[in-house]
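Enquirer: Please see the structure below; I have some questions.
The values are calculated or read from the model by the stated rules, or taken from the named source; none is laboratory data. This one's a predicted model, so the numbers in the text were calculated from it and none came from an experiment. Virtual Cβ from ideal backbone geometry, glycine too; neighbours counted across all protein chains shown.
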Amino acid sequence: MSAGRSRHRSLRSPHGGTRSLGVTLAAALCLIVGCSTGGDTPVQAAEANVAAKQKAVDDAKAAATASSATFCTESADYITALDRYGDILNQTAPTVGDVTTAGRDLKQPGQDTASAGQAAVEAHQAVATAEQELAAAEAELAAARASATGGPVPPSTSPSSPVSTPTPTVPSETVTRVQQAESEFATAQGAISDDSPLRRASQQFNAAAVGLEMAWLQLYAAAGCLTEPQQEKAAAAVHDYTAALQQDLTDAGYYTGKVDGVYGPTTTGAVEALQKAHGLPVTGTLDKASEAALRMDLAAKGGASAEAAVASTAAIQQTLKLAGYWDGPVDGQWTPALTDALTALQKDLGVPETGTVDAATVSGLEKAVKESKETPTVTATVTQTTTLSPSSTSGSTVGDGG
């Protein structure tokens, strides 16, 4: 009986109060799992850290998505501004002032795009950093759980574990090409002065602008700025454009490869050969002057396609002569002077000065003829030649194949 009382007293507190058996067991359990006197166990603290790091990853990804969208918007604005000089998307007619000022209106869009690009790069680097911190927190949680159960510490917590690096969102060669094109464009700008022959300055400037615009279009696509349907449409347009160019270069004797619609080194080399043969800036991309040179070569080679082109060009020459805009020969040879004459007509008609016979030009001429009550012969002649365009680069982008 006394022994029983003694055992009962051993469960009393020094102050005479009865200790709870549950508290005693909880204290023992705490010793086993490693409770913290601060309230949270190491496992709970590690779990909270993982949750915080996961939220940081989610926030970083959201910021990266937003910064990428901003870069795409700024890039589109810059490409649109650049197209005024490159004429890849829409045909335009830069003035003497445009050439002599050498695209100064591109400065601000270019700076905005560069800033947006840097922000996008930093945002994606922040995602990589957040993911690394999350991985470290998960490793700490695994270690805490292993320590609580007496198990081995996972090897991933070792300081020698490799640290992942962010994968570039755009291939480095694409970025390098843009940087090279920017440098070439700046060089072309610097070479233009008040003493520069206008036509030569225009050729050099347009050639550099075409190269820069194409490089940016490639970067724009590589950065994921196009939706899947847009990518498919662009790929089809590039293929069709390149195949047509390869066939023309084949007919002109510059291209010996397969007509496969891939703008690779062989196609680039053929365009460069064309440019060298005509003393033009050697860029490997088809600018206005190179397109005109290719047309002249095709006409000189003869054949059905050349005959059709000559006939269509002759019809345009005759139309412009009747309208008082052309005083040169009606020989079916498309020359820069003929482009200038067509542009002058378009200017007076109040239609876009594209230098090509398009629907707007035909419509404007029909209206002018109707208002002046002149014979419709001129209109009929132009209508028959609406498919001819001295610049096949509009509406297409050029990629880099094998």
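Enquirer: What pairs come out if I take residues in the range 205-219 that are farther than 19 Å from Ala76 by Cβ and pair them with residues that are of a type in the set (A, V, I, L, M) and modelled with pLDDT under 85 whose C-beta lies under 6 Å away, six or more apart or interchain?
Expert: Phe205/Val99; Phe205/Ala188; Ala208/Ala188
Enquirer: Do the conditions hold for Val99, that is, is it in a helix (DSSP H, G or I), in contact with a Ser or Thr (Cβ under 9 Å, 6 or more places away or on another chain) and modelled with pLDDT under 75?
Expert: Yes: the conditions hold for Val99.
Enquirer: If you take the residues of the range 135-157 that are loosely packed, with under 13 Cβ neighbours inside 10 Å and of a type outside the set (Ser, Thr, Tyr), which of them is modelled with the highest pLDDT?
Expert: Gly150
Enquirer: Exactly one condition in (1) loosely packed, with under 14 Cβ neighbours inside 10 Å; (2) modelled with pLDDT of 85 or more; (3) not in a helix (DSSP H, G or I) is false for Thr176; which is it?
Expert: For Thr176, the failing item is (3).
Enquirer: Shifting gears a bit: Go through the range 315-337 residue by residue and tally those that are under 16 Å from Glu291 (Cβ atoms) and in a helix (DSSP H, G or I).
Expert: Adding up the residues that qualify gives 3.
Enquirer: What about Thr73, is it at pLDDT 50 or above, among the β-branched types (Val, Ile, Thr) and within 30 Å of Leu106 (Cα to Cα)? First the steps, then the outcome.
Expert: Values: at pLDDT 50 or above: yes; among the β-branched types (Val, Ile, Thr): yes; within 30 Å of Leu106 (Cα to Cα): yes.
It is true that Thr73 is at pLDDT 50 or above, among the β-branched types (Val, Ile, Thr) and within 30 Å of Leu106 (Cα to Cα).
Enquirer: How many residues does the range 113-142 contain that are of a type in the set (Ser, Thr, Tyr) and within 16 Å of Thr70 (Cβ to Cβ)?
Expert: Quick first cut of the range 113-142, residues of a type in the set (Ser, Thr, Tyr) only: 113, 115, 129.
Cutting the leftovers down to within 16 Å of Thr70 (Cβ to Cβ) gives us 113, 115.
Of the residues in that region, 2 qualify.
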